[in-house]
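I have placed the structure first, in the form of structure tokens, so that the comments after it can refer back to it.
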Amino acid sequence: QVRLVESGGGLVQPGGSLRLSCAASISIFSIPVMRWFRQAPGKEREFVAVTTSGEYTNYADSVKGRFTISRDNAKNTIYLQMNSLKPEDTAVYFCNANIGEIYWGQGTQVTVSS
């Protein structure tokens with residue numbers, strides 16, 4: 001079983017930045033694929049970014065060029081650096097680990113508003 005704990009959310013003005021963290025309870029070397037998703041009020045959960053143990057990364061079109069996913073294997077943590085934030089980025093952000101079974105964290109709220 002894998003426990004995931006997200007942190008780093010908060011309130012930020014449009015154009016601002018936040019860095020989200022997702023700490024795993026096991027070595028992320030053993031997690032082939034980790035993703036960030038987000039869910040805005042009244043909307044379905046949507047894919048944001050992916051990183052693999054082979055350091056492949058990819059992004060949703062809506063965040064390309066603004067968000068960067070990275071991993072710190074020594075800390076068993078992945079990150080989502082979010083720059084040039086827009087009001088439409090407001091959502092609860094979740095990380096996800098796929099090791100055959102899929103595990104989710106509890107989410108962290110990001111609010112982009114002036």
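The values are calculated or read from the model by the stated rules, or taken from the named source; none is laboratory data. For clarity, every value in this text was computed on a predicted model and none was experimentally measured. Note: ideal-geometry Cβ built from the backbone for every residue, glycine included; neighbour counts use all protein chains shown. Just so you know, the surface numbers come from the protein's heavy atoms only, side chains and all, with ligands and any DNA or RNA stripped out. Shrake-Rupley method; radii C 1.70, N 1.55, O 1.52, S 1.80 Å.
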Could you check Pro41 against (1) at pLDDT 95 or above; (2) out of contact with any helix residue (DSSP H, G or I) (no Cβ under 9 Å at 6 or more places or on another chain) and say which number it fails? (1)
Candidate set: segment 58-104, residues that are small (Gly, Ala, Ser) and open to solvent by less than 10 Å² (accessible area, probe 1.4 Å); chosen: the one farthest from Val2 (Cα to Cα): Ala91
Give the number of residues within segment 10-49 that are assigned to a strand (DSSP E or B) and either free of Cβ contacts under 8 Å to residues at least 12 places away in the same chain or of a type outside the set (S, T, N, Q) (or both). 19
Of the residues in segment 50-59 that are assigned to a loop (DSSP other than H, G, I, E, B) and of a type outside the set (Phe, Trp, Tyr), the one that is farthest from Phe94 (Cα to Cα) is Gly54
Taking segment 36-57 only, how many residues are polar (S, T, N, Q) and either farther than 22 Å from Gly8 by Cα or open to solvent by 40 Å² or more (accessible area, probe 1.4 Å) (or both)? 3
Among the residues of segment 23-57, which ones are acidic (Asp, Glu) and closer than 14 Å to Val5 by Cα? none
